[in-house]
1. Which members of the range B:51-74 meet the condition of being surrounded by fewer than 20 Cβ atoms within 10 Å (Cβ to Cβ) and hydrophobic (A, V, I, L, M, F, W, C)?
2. In the range B:327-347, how many residues are surrounded by fewer than 24 Cβ atoms within 10 Å (Cβ to Cβ) and outside any loop (DSSP other than H, G, I, E, B)?
3. Which residue is surrounded by the fewest Cβ atoms within 10 Å (Cβ to Cβ), if the candidates are limited to the range B:207-222 and must be within 14 Å of another protein chain (Cβ to nearest Cβ) and in contact with a Lys or Arg (Cβ under 7 Å, 6 or more places away or on another chain)?
4. Give the range B:181-205 a look and list any residue that's under 19 Å from the mean Cα position of the chain (by Cα) and charged (D, E, K, R), or say none.
5. With (1) within 20 Å of B:T70 (Cβ to Cβ); (2) at pLDDT 95 or above as the list, and B:D30 as the residue in question, which single condition is left unmet?
6. Out of all the residues in the range A:46-84, which are closer than 27 Å to A:I342 by Cα, part of a helix (DSSP H, G or I) and among the β-branched types (V, I, T)?
7. I want to confirm something. Restricting to the range A:274-286 and keeping residues that are touching a strand residue (DSSP E or B) at 6+ places or on another chain (Cβ under 8 Å) and part of a loop (DSSP other than H, G, I, E, B), which single residue is farthest from the other protein chains (Cβ to nearest Cβ)?
8. When residues of the range B:373-387 are filtered for being within 30 Å of B:F226 (Cα to Cα) and either among the hydrophobic types (A, V, I, L, M, F, W, C) or surrounded by 22 or more Cβ atoms within 10 Å (Cβ to Cβ) (or both), how many remain?
Protein chains: 2
Amino acid sequence: MTSLTSQSGDENSQFGLANIPFGVVSTKADPIPKIATRLFDQVYLIPNLVANGHLDQLSPSTRSSLFQPTLNQLASLGRLEHKSVRKALQELLGDDQSKVKDKLATYSVNISEVIYHLPVTVGDFSDFSCSRDHVLNAGEAVMGVRQLPPGFLHFPVGYGGRCSSILAPGTFVRRPLGQFRSPEGVTFGPSRAVDFELEVAVIVGKPSAFGEPINIKQAEDHIFGFLLLNDWSARDIQGLEMNPLGPFNGKSFGTSISPWIVTIDALEPFRTTGPDKELAPAKYLQNQQSQSHYSIRLNAEIEVDETRYVVCESRFEWLYWTVSDMIAHQTINGCPLNAGDILATGTVSGSTPGSHGCLLEITKGGKEPVSLAKDVARRYLEDGDVIRLTGSAGIPGTQEFVGFGTCYGELCESIRIDQV
Amino acid sequence: MTSLTSQSGDENSQFGLANIPFGVVSTKADPIPKIATRLFDQVYLIPNLVANGHLDQLSPSTRSSLFQPTLNQLASLGRLEHKSVRKALQELLGDDQSKVKDKLATYSVNISEVIYHLPVTVGDFSDFSCSRDHVLNAGEAVMGVRQLPPGFLHFPVGYGGRCSSILAPGTFVRRPLGQFRSPEGVTFGPSRAVDFELEVAVIVGKPSAFGEPINIKQAEDHIFGFLLLNDWSARDIQGLEMNPLGPFNGKSFGTSISPWIVTIDALEPFRTTGPDKELAPAKYLQNQQSQSHYSIRLNAEIEVDETRYVVCESRFEWLYWTVSDMIAHQTINGCPLNAGDILATGTVSGSTPGSHGCLLEITKGGKEPVSLAKDVARRYLEDGDVIRLTGSAGIPGTQEFVGFGTCYGELCESIRIDQV
């Protein structure tokens, strides 16, 4: 395997002027959550910049949105306003005059000092199934058959995820209790098959109206930005519950996200093509834009006893369905999108060994443990395991390099059954 | 069939002093949404009562919650506070002194003058499948086999519904566009199989914490109240999409609710027993309370050209799983509940003809149209059809009579494909 560091640079280098993402943070000195951006290893509290007259070129409504405790209001203003804020920040923070630099330093804190909060209040969370390789591999692991679900080639299949268990970045995840099939029959207890899923998600910006589908050509106008998402999954609980209504308790025990929303404008330079469609989709899913994908490296590491092991190197542009497809499909029935909604891609897997985005695929449903080191192997996750998802686009060391930082999550032991 | 009117009384009689539900309304004269209650045909704007000193016995935090534009904050305060508000309103509005009555009249408007709003901001909407008869009938209609899903006897099976398409009471629903199997193969167009589903839902009051299951004994402490819910379903869209991730676009085009949240305290007198469990569930689902159900009549009518036809008479207490079961199961994996969350029961069906809560069951998947009148029959719904769901408990004409009013929804034509 190639070295992860050489591909993704050090994390700070992912947050140069080409990025300028948005998040919500607090510090010990300033415990009220505030909208912020990150430049290299410094985090700037945006309301402080506004209050001190550094972003006066923005419209009053845009400036007002930056004082909110979440990014929903800014997101709802639409892509032109997102552009204007990012551009103003790039100009301000890119100013090389030492006087300005000294002044700005008073509004920044080191990345090591911030506490992350949920960047948006999530009104709805949809999780899709956009990777052809993932559904074939997962289907084979569970049912022994490599077969696409009936809808797969017609539209991005999705389900409704749980908003209340989307966690502020850094929060640990508890191994869930639940019911599942075991050699003893249907059993209740701590899940024995906790898995991660490497996913990318879009955060909705401009909302859409009830009853009005979003045309695929305008779909990206409704995107505020992207982040990484770990859709923790208890495969055994999921296995018993999901016929016929889909995943529920096997997913809703925790979802981790990366702390910074990388704007769609920051990813614009990395447009690329994706796989050809095997079947011409319905007209509402025909995207005339040939570069409808984004070229993004995605990686998953399991950290055991402070040693990190790369278990997946995948790419965003391998997905069969795009984020525009997801938006067009989600709204074709008139379902409205609201600012802050999350639409996630499902596990992003490739076709080769080493490119599979969850243990269900990597270990073939737990049947073939993956060896991480001598004496360290995993069928599924153990208590104390840490999952780090990372993603970056462009060439490290150049001006055109942008990354997501880390979607971090640690699995902790379940509560005891007798405590329920 | 027995007469619907004799069973449920006229609607106003469902809203005597024994009810005192909560909703959010505005009027032409006062267009800002306000928390309200209903007594017979009069609606009282509660912040106006508070502001004029009529509810001074309530705590300051409770009074403050009554000035919010939704019921989330009141709901979050927990059952003791809900009781205190309802009791204070019962005392105030039940005062027989003509002086008080005249004074109160200045804070009320006739039910015909109010515009309904969503009573809560819904953070998460879970829809369960609690009716044994429904899953057997629906399974038979779709797959030709009467067979319970693998999890059914072990726990209430559920899925994540869509919050953004829950509609303010009275809003029309558009026939959705989507993809489905047809004699011509997989087709894109307006759904040809739009159905209703007669459901009951609970609105969560006191929230629960991440990682902490709610013990079934305390489950009802987390309920603010109940309402009726029409889970509009496009059976053809659902049929193509739901394997393996469950229903999505076949459901998210609109969900109707009844306007008034009937508190769990108002339903307390109607406790009853439910069906025996065929299989002892896991301990976290063993409810020691024998009267864990509520005796509520439920009805569904289709209105065609201003004539109403009763198509279902069912009962809430026929459900196999209870609302406490739903709450205990939803949280057993650590998933938190927030005030305003909706947990719905799924279609409430009985075992006899005339007691089936959706057309999928009534018409056996569209194969046997139901005759409503001479020359009026339905396989599925037609544009312009109105669905009215009603529910009531107790004996009309007595002090112990409580109802939900009407969950109303009209199906309108789809948008044209060339408008997408």
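1. B:A51, B:L58, B:F67 - these are the residues of the range B:51-74 that are surrounded by fewer than 20 Cβ atoms within 10 Å (Cβ to Cβ) and hydrophobic (A, V, I, L, M, F, W, C).
2. Here the count works out to 1.
3. Here the residue is B:G211.
4. Result: B:D195, B:E197, B:E199.
5. In the conditions (1) within 20 Å of B:T70 (Cβ to Cβ); (2) at pLDDT 95 or above, B:D30 misses (2) alone.
6. Correct list: A:I46, A:T62.
7. A:G274
8. 4
The values are calculated or read from the model by the stated rules, or taken from the named source; none is laboratory data. Every value quoted in this text rests on a predicted model; they were computed, and no experiment measured them. Cβ sites come from the backbone with ideal geometry, for glycine too, and all protein chains shown count toward neighbours.
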